[in-house]
Each structure stands twice: as structure tokens, then as C-alpha cells.
Amino acid sequence: MCGRYLLHTDVEAILEHYGIIKGWQYSSWAPEVFPSHEVPVLVMQKEKELRPMKWGFPAPQGRGLIINSRGETVDKRPMFRNAFHSRRCIVPASAFYEWSGPKGNKTKYQFRIKERPIFSLAGIYDEYFDKEGRPYKAFTILTINPNPMVSQVHDRMPVILPREQEEIWLDTALKDISLVKSLIKPYDDAEMEMERA
């Protein structure tokens with residue numbers, strides 16, 4: 001599970017990191033991102049664009065938010081299947097958090113990619129309507145079994161995309177789903193670092 005992440009940077013750095021030219025008309029966000037927060041998310045239309053989206057699909061019968069989708073079954077579960085095929089996105093992050101320990105006394109850990117102030121979490125998105133009938137876009141973050149580092153703390157981790165695989169993930173015109181599914185795997189922990197947060 002990924003229940004919190006950090007995006008401690010500004011819009012200009014994100015635009016430069018992903019080579020986005022299209023403008024951005026949006027306010028700032030809290031660096032530590034919680035479910036339901038609205039944050040910048042990368043999508044591919046005719047070109048790469050940064051769009052504001054809320055973290056979490058609304059759960060059936062209004063029972064909270066679904067913030068993660070399991071990478072192993074994302075192409076099969078009805079709630080996620082269509083988004084996986086046609087609405088994949090990248091969630092820019094600076095770090096993510098996991099907790100370990102007994103209930104009421106958990107220790108918070110931060111995980112980062114070495115020497116990379118921004119990295120890419122694999123996501124999917126969809127469109128919903130709020131209580132006033134206004135449309136909005138929401139995303140979930142894919143998770144997978146953890147690498148050895150994260151497994152010390154938690155039994156899931158977010159899917160992190162290497163730079164060379166970002167374009168493949170965003171290309172929803174790609175029909176080779178087996179190729180897309182092959183990107184859903186634990187990130188190499190030799191490139192990561194962790195510390196108590």
C-alpha cells in the first residue's frame with residue numbers, strides 16, 4: 001500500500017523534468033500528499049500535459065476512497081480495467097512513506113530514489129462527478145510486492161517507473177498489453193534509500 005507521498009518541488013521543476021511545454025494554470029499543493037488532495041499528474045494526450053487530479057477513486061456506496069490498485073490484477077478488475085487500458089498516468093513524487101510496528105505506535109519511513117529529486121509512480125485515472133455534479137479527474141497509484149528494502153517495513157510498494165519506461169506507460173495507443181504489464185514490478189532497491197521520517 002502507498003498511503004502518503006511527498007512532492008517537494010515546484011511546477012517549473014516538474015515541467016522541466018518531463019519536458020512539458022504546455023502551460024500550467026494551477027495553485028500550489030501541500031508537499032506531503034494525502035488521499036483526496038489535488039496534485040499535478042502527467043498524462044499523454046497529443047502531447048504530455050500536467051493535469052490537476054484528486055488522489056483516490058470514490059469507493060462504491062460512498063465508502064471512502066480507493067487510493068491504490070494492485071498491479072497484479074489492475075487489467076482485470078472492473079473498477080480499474082478500462083482506465084488501465086486507456087487512461088494511464090504518471091504521478092510525480094519526491095518520496096513515498098510506509099509505516100511499520102504495532103497499531104498506535106507505528107514508525108514512519110521515507111523511501112527515495114538516490115540523486116533523483118523527482119521520480120515517477122505508475123498510476124491510472126478516471127473521471128467522476130462531485131456532489132454538485134461537477135466533473136473532476138481522480139487517480140490511483142499502482143502497487144506491487146515490495147523489493148527487499150521496502151519489505152523490511154511493508155508488504156506492498158508503489159510501482160516506480162524508470163525514466164526509459166515512462167513513455168511506454170503513458171502511450172495508451174499501445175496495444176501490447178503484455179509489454180505494459182511487464183513494467184509493473186518492484187523497483188531496484190540498489191537505487192533507493194530509506195530513513196525514519
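Here, each number is a calculation from the coordinates, and none is a lab measurement. What you are looking at is a predicted structure, and each value in this text was computed from that prediction instead of being measured. Methodologically, a virtual Cβ is constructed for each residue, glycine included, from the backbone with ideal geometry; neighbour enumeration extends over all protein chains shown.
Structure values in brief
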read-out	value
Cβ pairs under 7 Å, 6+ apart, first in segment 27-53 and at positive phi and of a type in the set (S, T, N, Q), second surrounded by 13 or more Cβ atoms within 10 Å (Cβ to Cβ) and not in a loop (DSSP other than H, G, I, E, B)	S36/K54; S36/W55; S36/L65
Given (1) within 27 Å of G19 (Cα to Cα); (2) of a type in the set (A, V, I, L, M, F, W, C); (3) touching a residue at least 12 places away in the same chain (Cβ under 8 Å), index of the condition L179 fails	(3)
Helices (runs of 4 or more DSSP H) contained entirely in segment 123-197, each with at least 1 residues that are under 24 Å from M44 (Cβ atoms) and of a type in the set (G, A, S)	177-182
Among (1) closer than 15 Å to L121 by Cβ; (2) not in a loop (DSSP other than H, G, I, E, B), the one test that M1 misses	(2)
